[in-house]
Amino acid sequence: MRQERGQRRPLSASVARGLALGTGLAAAGAARRWLDVVEVEGGSMTPTLLPGEWLLVECRSYTRRLPRIGEIVLAPDPRDATRELIKRVAAVDPDAGTLDLRGDAPEASTDSRTFGAAPLAGVRWRVIARYWPPGRAGRLT
Amino acid sequence: MLRNPLRPRRRVHAHCDIPCGVYDPEQARIEAESCYRIIEKYHGSTDEVFRQRCVAVKEERAEMTKHHIDVLWHDYFKPDHVAKFPDLHDVCWKASKAASKVKQTTDLEAAKELLGLIDRIDDMWKATGGLEKTRLNGRPS
């Protein structure tokens, strides 16, 4: 932490913003268990999210309300429960208790078009920001 | 090496089964044309050994035709394509069936029918993006 403070001045504004988002919020949130950080793997969310990017996610919103169309969420892979998917919400069916997940790159995404609607109960985490790389840091959805 | 403390441990998957997205009914067409020619040669020969080889190779090619049709059907075509072409499932199903018949018999008419069905798949592929969307640099011209 001390090292970061020492380096803050020479770093660009975007790096500082990325670090502030990443460390500040993640540290505060981790303590409260409603914020976490994740790394993107795979290309089905391009060009919005690129493989290797680091994101901030939160799990408080969906204890109070349903996911909304257009939000980027984490959901357990219906075909492999050990894996977490990151996709955009394309539709929500509160009566059936399901939602439709889509990748932003339809030509390179395995999503609800293949595995069908996913259970709402599994969707707890919402993506709120990207903190790395610094040049692309900022709020999402 | 020290682990970057900002790097998330948690991985989320922007998943795609096969991100290559390269498809072309020509692949099926070439195998089916091969079957057509082999059946012609089979009927034009009295050499039993040659005729046996024709049958063996034709069965192998017909199986490959069927595989390529299935890949287009399962992987390339998406629900919005079916909405555009309501007979898409029927045509793909008939093409797979025709490929089975070409595998089982030495009926030239069956091979002709298979080629006709592959051309109908080709029309739907062209109308949903075709070369531009699925081949590198839109090959072949």
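List the lysines whose alpha-carbon lies under 23 Å from that of A:Lys87, not counting same-chain residues fewer than 8 positions away?
B:Lys78, B:Lys133
So what are the ³J(HN,Hα) numbers for the stretch B:115-120, from phi and the Karplus equation (6.51, -1.76, 1.60; θ = phi - 60°), rounded to whole Hz, Gly and Pro as x?
Karplus values, whole Hz, x for Gly and Pro: 4, x, 5, 5, 5, 5.
Can you pull the one-decimal nm distance between simple spin-label points at B:Ser45 and A:Ile69, each 7 Å off the Cα toward Cβ?
6.1 nm
Can you tell me the equivalent ellipsoid semi-axes for the stretch B:63-114? Use √(5λ) from the Cα gyration tensor, largest first, whole Å.
Calculated on Cα positions only, the semi-axes equal 23, 12, 6 Å.
Please compute, over every Cα-Cα pair in the stretch B:1-138, the percentage with a separation greater than 19 angstrom.
Values: 5392 of 9453 pairs.
Distances greater than 19 Å cover 57 percent of the Cα pairs.
Considering amide H positions built from the backbone, and no H for Pro or chain starts, which residues 5 or more places from B:Ala14, or on another chain, come under 5 Å of its amide H?
Amide H neighbours of B:Ala14, under 5 Å, 5+ apart: A:Glu41, A:Gly42, A:Ser44, A:Ile86.
At R0 = 35 Å, how high is the FRET efficiency between B:Lys112 and B:Val22 if r is their beta carbon distance? Nearest 0.05 is fine.
On the way: r = 28 Å, r/R0 = 0.80.
Efficiency for this residue pair is about 0.80.
Would you check the accessible area of A:Phe115, probe 1.4 Å, heavy atoms only, in square angstrom rounded to 10?
Spelled out: A:Phe115, probe radius 1.4 Å, area about 40 Å².
In peptide A:83-93, what is the residue-averaged number of other protein chain Cβ atoms found within 10 Å of each Cβ?
Details: counts 4, 5, 4, 5, 4, 0, 0, 0, 0, 0, 0.
Mean shielding by partner chains, rounded to a whole number: 2.
Which aspartates and glutamates have a Cα lying under 12 Å from the Cα of B:Lys97, excluding residues fewer than 8 positions away in the same chain?
B:Glu63, B:Asp70, B:Glu113
Run through all the Cα pairs of the protein assembly as shown and give the fraction in each 5 Å bin from 0, expressed as whole percent.
1, 5, 11, 12, 12, 10, 10, 8, 8, 6, 5, 4, 3, 2, 1, 1, 0, 0
Using modelled amide H (1.01 Å from N, peptide plane; none on Pro or chain starts), what sits under 5 Å from the amide H of A:Val92, excluding residues fewer than 5 places away?
It is A:Asp100, by chain and number.
Averaged across A:74-82, how many Cβ atoms of other chains sit within 10 Å of each residue's Cβ atom?
Details: counts 3, 1, 0, 2, 0, 2, 2, 0, 0.
Neighbouring Cβ atoms belonging to other protein chains average 1 per residue here.
Taking only Cα atoms of the stretch A:92-141, what ratio of Rg to Rh do you get with Rh as the Kirkwood inverse-distance radius?
In the stretch A:92-141, Rg relative to Rh is 1.08.
The values are calculated or read from the model by the stated rules, or taken from the named source; none is laboratory data. The shown structure was predicted, so the numbers you read here are calculated from the model rather than taken from an experiment. Note that each Cβ is placed from the backbone with ideal geometry, even for glycine, and that neighbours are counted across all protein chains shown. Each accessible area value is taken on the protein alone, full model and side chains, heavy atoms only, with ligands, DNA and RNA left out. Shrake-Rupley method; radii C 1.70, N 1.55, O 1.52, S 1.80 Å.
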